[in-house]
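As structure tokens, the structure follows; a few thoughts come after it.
The values are calculated or read from the model by the stated rules, or taken from the named source; none is laboratory data. Since we're looking at a predicted model, the values are computed, not measured. No Cβ is skipped: glycine too gets one built from the backbone with ideal geometry, and neighbour counts run over all protein chains shown. Ligands, DNA and RNA are excluded from the accessible area calculation, which covers all protein heavy atoms including side chains. Shrake-Rupley method; radii C 1.70, N 1.55, O 1.52, S 1.80 Å.
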Amino acid sequence: MAAFLELQSREWRPPSPRDPEGGLFGCALTGSALAFTFVADEEDEDCEHLLTLSTVSLGAGAVDECNVVEVVGRDCDDREIAVPVANLKLSCQPSLSLDGFTLQPPVTFRLAAGSGPVHLAGQHRVVPSTGLSDEDEDEDEDEDESSEEEEIAPIMPAKKQRRRL
């Protein structure tokens, strides 16, 4: 599969020196360019790159067929996983709002079915990393949860009132 992606993929790298706000993102998947890989600049150790997708839509010249777009990434066990995120057809659903679907690079978008063109649009954001390791973040979360639990007063059962006859 890697050979397929190498032959049919284009790769995007962010514009030069550390734009703290990021920028707009867009790509097109067609019958001749079935995949597109978004790769963040690995030199930015103090920054985290996020890709937020907003829309997926069919382009001019699309025919009335199902166009399936997949996101190919890595799961927690570092295995490749492909997830379909859009199924577009000109006659019934030519576009789809993903409403802030956020991914961490590297990620590949692939046209799994259809001939396109399918356009993806969104925003590339660069945010400063917290500098904490995953273990440190877990400890901070545990401390926050335990402090919240301590602040909540225990709920006492209500006392029953006797009725006088």
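Quick notes
- Extending 7 Å from Cα along the Cβ direction at Leu24 and again at Glu151 yields two label points whose distance is 4.2 nm.
- If R0 is 45 Å, the Cβ-Cβ spacing of Ser97 and Lys159 corresponds to a FRET efficiency of close to 0.25.
- For Ala60 and Ser115, the difference between the fully extended length at 0.36 nm per residue and the C-alpha to C-alpha distance is 18.6 nm.
- For the range 34-103, the carbon plus sulfur part of the accessible surface works out to 49%, probe radius 1.4 Å.
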